[in-house]
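Engineer: I am attaching a structure below and will ask some questions about it afterwards.
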Amino acid sequence: MTLNLKVLTRNRTVWDSKVKEIVLSTDSGHIGVLPNHAPIVTGLDIGILRIRLNDQWFAVALMGGFATIRNNEITILAHDAEKGSDIDPQEAQQTLEIAEENLRKAEGTIERIEAKLALRRAKTRVTAINGIA
């Protein structure tokens, strides 16, 4: 059996195919989804969506959103998402270094919170490039 997975952002479809299994980074932790999973709606955290096609795993960087799982149909509505294979490694590494520097320089609560979120997003993109962590 397979699952039908769609990963959508507000302006594009990032993934749309049958898959064997996924692992989602939700607001309450990671969950694995196999065929015939119980129906759920869950919030997504910034993190890696792991996708198994046959015996190969793929990584997608998700920047939060929501997922619905019902009748072997998974729909992910993400704030933003990128396949690891589509991310430029040099640009992602530069973004990570800038985010780390911005966090070191951050002053005040709001600036620190924004810098920490930018760092989490940057780390997630680098992890997606490197595959399954």
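Values in this text are rule-based calculations from the coordinates and carry no lab data. Computed from a prediction, not measured in an experiment: that's the story for all the values here. Note: ideal-geometry Cβ built from the backbone for every residue, glycine included; neighbour counts use all protein chains shown.
Engineer: Note down the magnitude of the dipole of segment 3-84 about its Cα centre, charges +1 on Lys and Arg C-beta and -1 on Asp and Glu C-beta and zero elsewhere, to the nearest 20 debye. Spell out each step's value before the answer.
Structural biologist: Values: 9 positive and 8 negative charges, 43 e Å.
That gives segment 3-84 a dipole magnitude of about 200 debye.
Engineer: Residue by residue through segment 4-12, which ³J(HN,Hα) values in whole Hz follow from phi under the Karplus form 6.51 cos²θ - 1.76 cosθ + 1.60 (θ = phi - 60°), with glycine and proline marked x?
Structural biologist: Result, ordered by residue: 9, 10, 10, 10, 10, 10, 5, 10, 6 Hz.
Engineer: On to the next question. May I ask for the angle, rounded to the nearest 10°, between helix 89-105 and the longest principal axis of the chain, with both axes built from Cα atoms and the value confined to 0 to 90°?
Structural biologist: 50
Engineer: Tell me, how many Å apart are the Cα centres for segment 58-130 and for segment 42-56?
Structural biologist: Each part's Cα centre sits 13 Å from the other's.
Engineer: If you don't mind, another one. Of the listed values (i) 35, 35, 26; (ii) 55, 41, 25; (iii) 50, 28, 27, identify the label whose number matches Cα extents along the principal axes in Å calculated from this model.
Structural biologist: Read-out from the structure maps to (iii).
Engineer: What's the local net charge at THR42, with K and R +1, D and E -1, over the other residues with C-beta under 14 Å away?
Structural biologist: Working: positive: ARG70; negative: ASP27, ASP45.
Neighbourhood net charge equals -1.
Engineer: Hey, another quick one. Considering Cα pairs under 8 angstrom that are at least six residues apart, work out the relative contact order of segment 3-84 and quote it in whole percent.
Structural biologist: Numbers: 216 pairs, mean separation 26.8, N = 82.
About 33 percent, as a whole number.
Engineer: Ok, one more. Find which of THR68, SER25, LEU5 sits farthest along the positive direction of the dipole of segment 3-84, computed with +1 on the beta-carbon of Lys and Arg, -1 on that of Asp and Glu, about the Cα centre.
Structural biologist: It is LEU5.
Engineer: Right, here's the next one. Using the crude model of +1 on Lys and Arg Cβ and -1 on Asp and Glu Cβ, and no other charge, please compute the dipole size for segment 88-129 relative to its Cα centre, in debye to 20.
Structural biologist: Numbers: 8 positive and 8 negative charges, 47 e Å.
Roughly 220 debye, rounded to the nearest 20.
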